[in-house]
């Protein structure tokens, strides 16, 4: 049976070479002590964004956009999107970062994302504030807007869910996907939790796996544990 493949891709540190969300606050705001507080679990991710976003009070959105467009993408990401276009794979960008820097990059490179899910910064008023695109009371993941819900709400049960990511905000999403490409903290999490994944450094590695898929050397299959997780998520929502 041939399954439709849908691809869900993180942005910061995955599509971009650097974690641009971190970089924005290092350059224009106040990165510490808030980041250490988050890593040490003194605050959760929503509290983190609510503390750190107001530190951009003296920053223009145009300055953020300028820095974003100076940030290099993964050298093989554009080739990856061309492959997806050839085989008609939908790409969904799912980020716990902000549209202020994500949208300018996607637009500049004409990246053909089916949909883009990201938080936004409201610059109206005395102090910038974060707006979150989605959350789940039934999930305590490390993403302020649960990526799991994006994936489940944009796929059918018989479709292959592919996830590509690198960080803490990707843990929950990966658990609910069939095929996972991971690096850095996400790769460590998958290893520790016995979640099968393909390790990658750049999208060149991902392209090689898809080449093997198209030549019949590998197959993408539904993952039973992901199906059980997804069923449980629907029951608790």
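For this structure, a couple of remarks:
- Taking a quarter of the surface of the Cα convex hull of the stretch 81-159 gives a mean projected area of 6.9 nm².
- Translational diffusion coefficient (Stokes-Einstein; Kirkwood radius from C-alpha pairs) of the stretch 140-237 at 20 °C, 1.002 mPa s, in µm²/s: 154
- Antiparallel content of DSSP bridges confined to the chain, in %, to 5: 15
- When percent of Cα pairs over 34 Å apart is calculated for this entry, the matching label among [x] 5; [y] 17; [z] 14 is [z].
- Over the stretch 65-170, relative contact order from alpha-carbon pairs under 8 Å, at least 6 apart, %: 21
- Taking the fewest neighbouring Cβ atoms within 10 Å as the starting point, the ordered list for 230, 127 is 127, 230.
- In degrees, nearest ten, helix 224-236 long axis to first principal axis of the chain (Cα): 50
- Distance distribution P(r), the stretch 14-129, all Cα-Cα pairs, bin width 10 angstrom from 0: 12, 42, 31, 13, 2 percent.
- Using C-alpha pairs under 8 Å with a sequence gap of at least 6, the mean separation divided by the residue count of the stretch 1-142 gives a relative contact order of 29 percent.
- Here the residues 63, 70, 82, 23, ranked from fewest to most Cβ neighbours within 10 Å of their Cβ, fall in the order 70, 82, 63, 23.
- Rounded tilt (10° steps) of 77-87 against the dominant C-alpha axis of the chain: 40
- Each peptide in 150-159, 7-16 was scored by the mean count of other Cβ atoms within 10 Å over its residues; highest first, the order is 7-16, 150-159.
- Going by neighbour counts of Cβ atoms within 10 Å, the residues 108, 200 line up, fewest first, as 108, 200.
- Relative contact order %, the stretch 7-76, counting alpha carbon pairs below 8 Å whose residues are six or more apart: 43
- Highest-MSF residue in the chain out of 146, 177, 190 [GNM, Cα springs under 10 Å]: 190
- Of all the options 223, 194, 161, the one that moves most in a Gaussian network model of the chain with Cα springs shorter than 10 angstrom is 194.
Just so you know, all these numbers are worked out from the coordinates, no wet-lab data involved. The model shown is predicted, which means the values in this text are computed figures rather than measured ones. Using ideal geometry, Cβ is built from the backbone for each residue, glycine included, and neighbour counts are taken over all protein chains shown.
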